[in-house]
Structure formats: structure tokens, C-alpha cells
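Notes follow the structure.
The values are calculated or read from the model by the stated rules, or taken from the named source; none is laboratory data. Quick caveat: nothing in here was measured; it's all calculated off a predicted structure. Note: ideal-geometry Cβ built from the backbone for every residue, glycine included; neighbour counts use all protein chains shown. Surface areas here come from the heavy atoms of the whole protein model, side chains and all, with no ligands, DNA or RNA. Shrake-Rupley method; radii C 1.70, N 1.55, O 1.52, S 1.80 Å.
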Amino acid sequence: MSEILVPTMAAIAFPNIDPVIFSIGPFSVHWYGLGYVVGILFAWWYGKRLISKPRLWANNTPPMKPNDLDDFVLWAALGVVLGGRIGYILFYDLARYISHPFDIFKVWEGGMSFHGGLVGTTLAMILFARSRKINVFSMIDTIAAGVPVGLGLVRVANFINGELWGRITDVPWGMIFPTGGPFVRHPSQLYEAALEGIVLFTTLALLIFYGRKLKSPRFIGGAFITGYGLSRIFVEFFREPDAQLGYLYGGWLTMGMILSVPMVLVGLWALLTARNPEVSTGR
């Protein structure tokens, strides 16, 4: 696709926020890393709040104990980091890492895939739930309910880092990113933060507290991956694809879209097949 230079005057000034919050000697704390940490801790805290409310669950019986979630935090962190890194390598830049295998360990340079992190965390939840004799789908529902907060925070960190910016645009809120050339671009990271973070979290909370959908195992998990998949596909129309991949078909299809379609299909299956056991037994 040919790129058209949009006049600089049309752009909102990009806020120059230091990606590093503070440094102590060689140790630095980045907004990006903090987003992951806060996201994991919030999902842990929120999950414990949900299982402390028996009325939200089928037969007024939470599927696990608070200490189960305490023990799962490490599993979740490993699933997110290992899955996210492996997913990025396989889906987005395999040729580079085959040529430079030691770069695999340079996680401080970035390179994480949500879809890979989802697979890693899902495997961690399945293994953990089975080891504790917890309903797997209820485990997924509990964790999925709080995940959007972390997604939103990480997308804001992407924005602060000036990475994963959008396509060229003439909208009045467009920005010129430090690494995006002299073009006005969509702040697509903020679109994702709003949809995957604020909108998705609010939707799931309404389904939980007003729709009582935790009573139907896999409904909340299905709503989460359907909502994320649809949000990601939508934003991909505004987000610039990774340079090493570009557009995969017809000048519009991206890897993010391809990876999100199965999510939507699985999510719809979960939504359509979830059942409340209280209803099925006539209670």
C-alpha cells in the first residue's frame, strides 16, 4: 500500500513519557512490565473477591477456595510470560529467532503475543484445576473476569513506549509517533486499551453481578474470548501490521485477525452451550 504523508499540523502532540519509571543501578522498572505485574495481581485479587460471594455461583457453592488462587498466581505468571514469548516467536518473527536463537532470551527488548499468553495461561489453568479437582471451566471463568484490566494497562504501556502504532490517518486525534516516521497515525494502542480493557471488563462485570453468569460454567470465559477476539479484529483495521509480516492477503488481512477468528468461534461455542445446573435440575 502506498503511504500518503498527512500534514503534521493535523496531529495531536505525542506525550513524551519515559518508558522507564525509575532505575536503581542496572535495575530498571518499565511501565510495560508493571502493566503485567499489576494485571496479574488484580486478576488474583478480583478472583478472590468473586469466590468470596457464594450467591454468584451455582448452588451457592464457589468452585474453589481462596488459597487455591494464592497458589495459582505463580502458575499464571509462568503461563503468561512463557506462552506470550513463545507465541510471539512462532506467530510473528520465527525467521529472526532461528537466525539469532539467543535473542529468544532478550525479553527486555519486547516481543510478547497475547494469543500465545492465552494458550499458556489456559494450559496452566487446566493443569492446576485438575490437580486440585476444580471445575476447569469455572477456573477459567474466575480468571477471565479480571484479565481485561491487565490487557488495558499493557496497551497503555505500548502507547507510552510508542510501539504498535496505527495506520496513517487524517482523524483529528491522530499522532506522530517517534518510531512511526513523519506520518499522522491512529493511536490504536488506546483503542485496544478502551475495548479490551474498559469495555470488556465492564461487560463481564455486568454479566457476573447482574446476569449471574458465573452460575453457568464457561459462559464468562466464552464472553471474554469472544469479546477480545471481536475487539482485536476491529482494531486491526486501524493498527499497522508488524513490519516483518505486513498484510497477509488483499492488503487488509493481518496475523492478529487470523489468530482471533478461532477465539471468536470457541467463545461462541462456550456461550451457546453453557448451562446453569440449578436450572437443568429444576431448582
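Quick notes on this one:
- Distances between placed amide hydrogens fall under 5 Å for R185 paired with T169, M175, I176, F177, all partners being 5 or more residues away or on another chain.
- In the elastic network of the chain, a GNM with C-alpha springs shorter than 10 Å, the most mobile of V80, V266, V235 is V266.
- Centre-to-centre separation between the Cα atoms of the stretch 86-135 and those of the stretch 28-65: 21 Å.
- FRET efficiency, 1/(1 + (r/R0)^6) with R0 35 Å, evaluated for I98 and R49 via beta carbons: 0.20
- Rounded percent of accessible protein surface that carbon and sulfur make up, the chain, 1.4 Å probe: 71 percent
- Accessible surface, the chain, averaged per residue in Å² (probe 1.4 Å): 51 Å²
- Taking every C-alpha pair closer than 8 Å and separated by at least 6 residues, the mean separation divided by the residue count of the stretch 42-147 gives a relative contact order of 37 percent.
- Of the residues Y249, Y32, Y46, the one that moves most in a GNM of the chain with alpha-carbon contacts below 10 Å is Y249.
- Proximity of backbone amide H atoms, modeled 1.01 Å from N, is registered between L253 and L248 at under 5 Å, excluding neighbours fewer than 5 places apart on the same chain.
- Inverse of mean 1/r across different Cα pairs in the chain, Kirkwood, Å: 20.1 Å
- A full extension of the chain between L206 and K65 corresponds to an added length of 48.4 nm, given 0.36 nm per residue minus the alpha carbon distance.
- The HN-Hα couplings worked out from phi for the stretch 173-179 by the Karplus form 6.51 cos²θ - 1.76 cosθ + 1.60 (θ = phi - 60°) are 9, x, 9, 9, 8, x, 10 Hz, whole numbers, x standing for Gly and Pro.
- Chymotrypsin sites (Phe, Trp or Tyr not before Pro) within the stretch 119-211, DSSP loop, no more than 15 other Cβ atoms inside 10 Å: W173, Y210
- Legend: helices of the chain (whole DSSP H runs) are marked when their alpha-carbon atoms reach 24 angstrom or more along the helix axis and their mean Kyte-Doolittle hydropathy is at least 0.5; marked are 31-51, 66-92, 114-132, 219-236, 255-273.
- 222 nm mean residue ellipticity, helices alone, for the chain (DSSP H n ≥ 4; -39,500 (n - 2.57); rounded to 500): -17500 deg cm²/dmol
- R0 of 35 Å, Cβ-Cβ distance F27-N135: FRET efficiency to nearest 0.05: 0.30
- GNM flexibility winner over the chain from P66, P217, P101 (Cα, springs under 10 Å): P101
- Rounded to two decimals, the Cα-based Rg/Rh of the stretch 151-228, with Kirkwood Rh, is 1.16.
- Förster radius 41 Å - calculated FRET efficiency between Y247 and V38, Cβ distance, rounded to 0.05: 0.75
- For R239, residues with placed amide H under 5 Å, excluding near neighbours: R167
- 3J(HN,Hα) from dihedral phi, the stretch 15-25, Karplus parametrisation 6.51/-1.76/1.60, rounded to Hz, x for glycine, proline: x, 7, 9, 5, x, 9, 6, 7, 10, 10, x
- Of all DSSP beta bridges confined to the chain, the antiparallel ones make up roughly 90%.
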